1. Of Q53, C106, Y88, which is farthest along the charge dipole of the stretch 53-113 in the positive direction, counting Lys and Arg as +1 and Asp and Glu as -1 at C-beta?
2. Over the stretch 53-113, calculate the relative contact order: mean separation of alpha carbon pairs under 8 Å at least 6 apart, over the residue count, as a percent.
3. Give me the mean projected area, in nm² to one decimal, of the convex hull enclosing the Cα positions of the stretch 53-113.
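Each value in this text was obtained by applying a stated rule to the coordinates, not by laboratory testing. Please read these numbers as outputs of a predicted model, since none were measured by experiment. Backbone-built Cβ (ideal geometry, glycine too); neighbour counts: all protein chains shown.
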Amino acid sequence: MLKVFIFSLSMIFSLTSILAQNTRDTESSSNTPIQKKSIKIFKSGKNSFFKTQEEGKEAYEDRMKQVAKDKKKSVKILKKPQYSDKSYFGHKRPPKRRPLSKRKLCKVCGIVH
């Protein structure tokens, strides 16, 4: 009786493993994609495609002029004393220098002055 039980269990396990492998093989063979050549298209906005090379150069030069203009503007802003002078330290106007007895903690920079 025990031999019959062991034999039937082994047959069930072997059949399920065989059937499971067959179903995987048939699924993978049916789902194999057909290899196609892919064409990559790179676009970076409205004016990504120029009709002539001259138009592309003009657009590039315009962008470079705008970048230079923005850089000059930011340098001009950073020359203001609230950005270049260390005594301002995050303040729009330099903080008051109070006597030692009246100094208090600043909410902006966290320094007592």
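1. Checked the options; the winner is C106.
2. On the way: 34 pairs, mean separation 10.3, N = 61.
Across the stretch 53-113, relative contact order equals 17 percent.
3. Working: hull surface 21.5 nm².
For the Cα atoms of the stretch 53-113, the hull's average projected area reads 5.4 nm².
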